[in-house]
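A short write-up of the structure that comes next.
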Amino acid sequence: MSEIYYPNKELFKDAAIKSMDEYRALVQKAEEDYEGFWGDFAKEKIDWFKPFTKILNEENAPFYKWFEDGQLNVAYQCVDRHLKTRKNKAAIIFEGDNGDQRVLTYRELFYEVNKTANMFKNKFNIQKGDRVVLYMPMIPEAAISMLACAKIGAIHSVVFGGFSAEALRDRIIDAEAKLVVTADGAYRKGKPYMLKTVVDEALSQGCESVKAVCVVERNGENIHWEAGRDYAFNELIKNESVVCEPEAVEAEHPLFLLYTSGSTGKPKGVQHSSAGYILWAQMTMEWVFDIKENDTYWCTADVGWITGHTYIVYGPLAAGATTVMFEGVPTYPDAGRCWRMVEEYQINQFYTAPTAIRLLHKTGANEPAKYDLSSLRILGTVGEPIDPAAWKWYYEEVGGSRCSIVDTYWQTETGGHVISPLPGATPIKPGCATFPLPGIKAEIIDEDGTPTPVGEKGFACITKPWPSMIRTIWGDPERFVKSYFGDCKKDGKPVYFTGDGAMIDEDGYITITGRTDDVINVSGHRMGTAEVEAAIKKHENVAAVAVVGKPHDIKGEGIFAYVVLKSVPSEERDGTANMLETMKEINMIIKAEIGAIALCDDMAFVPDLPKTRSGKIMRRILRSLVKGEKITQDTSTLEDPSIVGIIEDLLSKK
Ligand code: WT7
């Protein structure tokens, strides 16, 4: 049994949920009156333009509707309503890669959002329901543009700045976006990098829906300018009024799309709602991050991922908090950057990914000791299971053995945390996401809904709809039903399956064991094997390919490809210079098709792949082989069982 760490009660005297008894009381309330539980919070937390009368509509399950006859505006919820009590409070504290700083109070943010919203409406004719793609660096204009969309009821789709032109184009086309907002570029590790060039390339083919590109100036580098299509954000905004009426939208009006990888096919446009999403974003800020009026909160994610949406922009601002936004990377100019910022801004909650913790541990184990980190109360992690060594360092060296660690388990589709410790209540076990949050019916079950016995792996499911859940996949409702409600049932009814395996221990603690599908978790981000394979197949000499995850010191999982070439001259069979050349070429294709985040760490050129007689690639065998595990699977059903030994042999020579 693992060690248990109890919350430091001194730090959490005023926590929203102060004890396990309070936690259990809330869980009980949700058990007894599920709709009442959510209805009460929705009334209390959201400033409705028109109050709702219906709480949950399950008629068209799994297309659930929450608070459907209510009306609100998410930008109003995040900014406007705070002017009464917090107009001069810092809303966003920005720190650039080079250390430049910019603070936006709620009042200033209100003006910027309004001007931007007016610009979208007046200059680009963006109407309620129109899609706007944001391809942005980590600068305040990213958050401002998201909120400006929300203000006028436009639907944003933020595309992570590390995605390639090809990936950006796919997302623009799928969403039929009318406007792309981008920047010339930004700074990373002291040097400028470019985004606009990627947008130019994306738009060079088949993006007819795009009428304009609005470009923020950040690094001032030279860019190509297409008259009649490209517009200068910084110039246009000067003429816009600071007054903009928020558009009242229905509770279920889509707030945004965010594309994420699945096990098959192209990325899916996960569609989120307005009311349910913002309600849970705000509530989890209060419960999991115990956000208080004078706190300064920092989440190091990028706005291009769901963590950036919910826990840099929407959650903190809905809660009226001060949120720090950082353009740079944690290791520049040195591995003390984050801790220097914690000291400088007196950060109270720090939220990052295990991959960053491992990197900082490895490259700067003694850095935290050089700074005053005594302001910290809560340390968060997200994206993948955290290993004991990283956990211990985070807890002791960063948190001074004083802070609560919240290992928050959730996904793009859940909108916000679903399984997580409560910092003032939950005794924590390292590497363990602990318990479902009140109102979230997370269960570890088999396909038929039977709870998995203690210590055995089961499926992590959420067996009741919850307000911040995914509403559909943009343009593909069938895929939505199939992807999330096709695998597990409870009481004969399909329930939401996360795609993750999990285990429950004798104390009821939940440990997430990782994906059960063909999705690789690279540095806490999902990568679909099918997507990477599709890119690799574009190489003219590739006959077949299978991609699997391979344990990696920093990334958690790296990408490993088994490649079958069409023609291999015999003298080159054993991984010589020509193979390295092919590897480079393949990675160049991946970079162009998806982006650097999907690059293969390693490849093996093999004569064939282990396939069943019906042609199905046995990935489980390939996963075991790359880990150097003994093959326990039955190989007699393979078309050619000898291939396993051949690959094993090849890998041992690498
Ligand atoms: C997948 C979701 C949620 C924002 C970051 C990634 C894995 C997430 C944890 C955790 C173990 C975790 C799961 C999940 N994951 N948090 N605390 N412990 N695994 O969002 O790209 O939608 O990926 O990340 O496998 O399904 P995402």
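Can you give me the three principal axis dimensions of the chain from its C-alpha atoms, in Å, biggest first?
Extents along the principal axes: 75, 64, 57 Å.
Charges at C-beta only: +1 for Lys and Arg, -1 for Asp and Glu. How large is the resulting dipole of the stretch 1-147 about its Cα centre, in Debye rounded to 20?
In total the dipole reaches around 820 debye.
Among 243-249, 161-167, how do they line up from the highest to the lowest mean number of other beta-carbon atoms within 10 Å?
Going from most to least packed, we get 161-167, 243-249.
Could you list which residues have their amide H under 5 Å from that of Thr322, counting only those 5 or more apart in sequence or on another chain, with H placed in the peptide plane?
Tyr297
What list of ³J(HN,Hα) values in whole Hz, one per residue of the stretch 83-89 in order, does the Karplus curve 6.51 cos²θ - 1.76 cosθ + 1.60 (θ = phi - 60°) give from phi, with Gly and Pro shown as x?
4, 4, 10, 9, 4, 9, 7
From the backbone phi of the stretch 145-151, what are the Karplus-calculated ³J(HN,Hα) couplings (6.51 cos²θ - 1.76 cosθ + 1.60, θ = phi - 60°) in whole Hz, Gly and Pro given as x?
Computed from phi, the couplings for the stretch 145-151 are 5, 4, 5, 5, 4, 4, 4 Hz.
Treating only the Cβ atoms of Lys and Arg (+1) and Asp and Glu (-1) as charged, compute the dipole magnitude of the stretch 33-328 about its Cα centre; round to the nearest 20 debye.
460 debye
To the nearest 0.05, what FRET efficiency results for Ser401 and Asp517 with a Förster distance of 41 Å applied to their C-beta separation?
0.65
Taking 0.36 nm per residue of separation and subtracting the Cα-Cα distance, what length does fully extending Val329 through Glu245 add?
Working: separation 84, 0.36 × 84 = 30.24 nm, distance 3.71 nm.
Length difference between fully extended and current span is 26.5 nm.
Taking amide hydrogens as modeled 1.01 Å from N in the peptide plane, which residues meet the under 5 Å criterion relative to Val216, leaving out close sequence neighbours?
Thr182, Ala183, Asp184, Phe233
Relative to the present Cα-Cα distance, how much length would full extension add between Arg102 and Lys591 at 0.36 nm per residue of separation?
Difference between extended and current length: 172.7 nm.
Determine the principal axes of the Cα atoms in the stretch 517-654, then give the extent along each, sorted from largest to smallest and rounded to whole angstroms.
Projected onto its principal axes, the Cα set of the stretch 517-654 covers 38, 35, 28 Å.
Tell me, what is the per residue accessible area of the stretch 488-608 in Å², probe radius 1.4 Å?
On the way: 5250 Å² over 121 residues.
Per-residue accessible area for the stretch 488-608 comes out at 43 Å².
Taking every pair of Cα atoms in the stretch 402-490, average 1/r, invert it to obtain the Kirkwood radius, and report Rg/Rh to two decimals.
Taking Rh as the inverse mean 1/r over Cα pairs, Rg/Rh reads 1.01.
Rounded to whole Hz and in sequence order, give me ³J(HN,Hα) for the stretch 547-558 from the Karplus expression 6.51 cos²θ - 1.76 cosθ + 1.60, θ = phi - 60°, writing x for Gly and Pro.
Using θ = phi - 60°, the values come out as 10, 9, x, 10, x, 9, 3, 9, 6, x, 10, x Hz.
Could you tell me how many cubic angstrom of Cα convex hull volume the stretch 33-328 has per residue?
Cα convex hull per residue, to the nearest whole number: 139 Å³.
In Å, what Rg and Dmax follow from the Cα atoms of the stretch 262-325?
13.2, 46
Would you work out the relative contact order for the chain, in percent, from Cα pairs under 8 angstrom that are 6 or more residues apart? Each step should come with its number before you reach the end.
On the way: 1428 pairs, mean separation 83.8, N = 654.
Across the chain, relative contact order equals 13 percent.
Run the simple label-point estimate for Asp608 and Val481 please: 7 Å along Cα→C-beta, distance reported in nm.
4.0 nm
Between the alpha-carbon centers of the stretch 480-518 and the stretch 122-178, tell me the distance in whole angstrom.
32 Å
For the residue pair Ser567 and Glu44, what label-to-label distance in nm results when each label sits 7 Å from Cα along the Cα-to-beta-carbon direction?
Spacing of the two 7 Å Cα→Cβ label points: 7.2 nm.
In cubic angstrom, how much convex hull volume per residue do the alpha carbon atoms of the stretch 95-152 span?
78 Å³
Quantify, in whole percent, the carbon and sulfur part of the accessible surface of the stretch 33-328 (1.4 Å probe; protein heavy atoms only).
Result for the stretch 33-328: 45 percent of the exposed heavy-atom area is carbon or sulfur.
Tell me, how many Å apart are the Cα centres for the stretch 272-350 and for the stretch 378-416?
Result: 14 Å between the Cα centres.
Please state the charge dipole magnitude for the chain, taken about the Cα centre, from unit charges on C-beta atoms (+1 on K and R, -1 on D and E), reported in debye and rounded to the nearest 20.
740 debye
Over the stretch 519-652, what relative contact order in percent results from Cα pairs under 8 Å that are six or more residues apart?
22 percent.
Using a 1.4 Å probe over the heavy atoms of the protein chains, calculate the carbon and sulfur portion of the accessible area of the stretch 493-616 as a whole percent.
Result for the stretch 493-616: 52 percent of the exposed heavy-atom area is carbon or sulfur.
Extension gain Asn57-His224, at 0.36 nm per residue separation less the Cα-Cα distance, in nm?
Extending this stretch completely gives an extra 55.1 nm.
So who's got an amide H within less than 5 Å of the one on Ile155, skipping anything under 5 residues away but keeping other chains? H placed 1.01 Å off N, in plane.
Gly129, Asp130, Arg131, Val132
Roughly how many Å² is the accessible area per residue of the stretch 33-328, as a whole number, for a 1.4 Å probe?
34 Å²
Can you pull the semi-axes for the stretch 129-175, root of five times each eigenvalue of the Cα gyration tensor, sorted largest first, whole Å?
Its equivalent ellipsoid spans semi-axes of 19, 15, 4 Å.
Projected onto the charge dipole of the chain (+1 at Lys/Arg Cβ, -1 at Asp/Glu Cβ, origin at the Cα centre), which of Thr197, Gly439, Trp298 gives the Cα projection farthest towards the positive end?
Thr197
Can you compute the modelled spin-label distance between Ala232 and Arg620, with each label point 7 Å from Cα toward Cβ, in nm?
6.1 nm
The values are calculated or read from the model by the stated rules, or taken from the named source; none is laboratory data. Quick caveat, the model's predicted, so the values are computed rather than measured. For neighbour counting, all protein chains shown are included, and Cβ atoms are generated from backbone atoms with ideal geometry for every residue, glycine included. Just the protein is used for accessible areas: all its heavy atoms, side chains included, with ligands, DNA and RNA removed. Shrake-Rupley method; radii C 1.70, N 1.55, O 1.52, S 1.80 Å.
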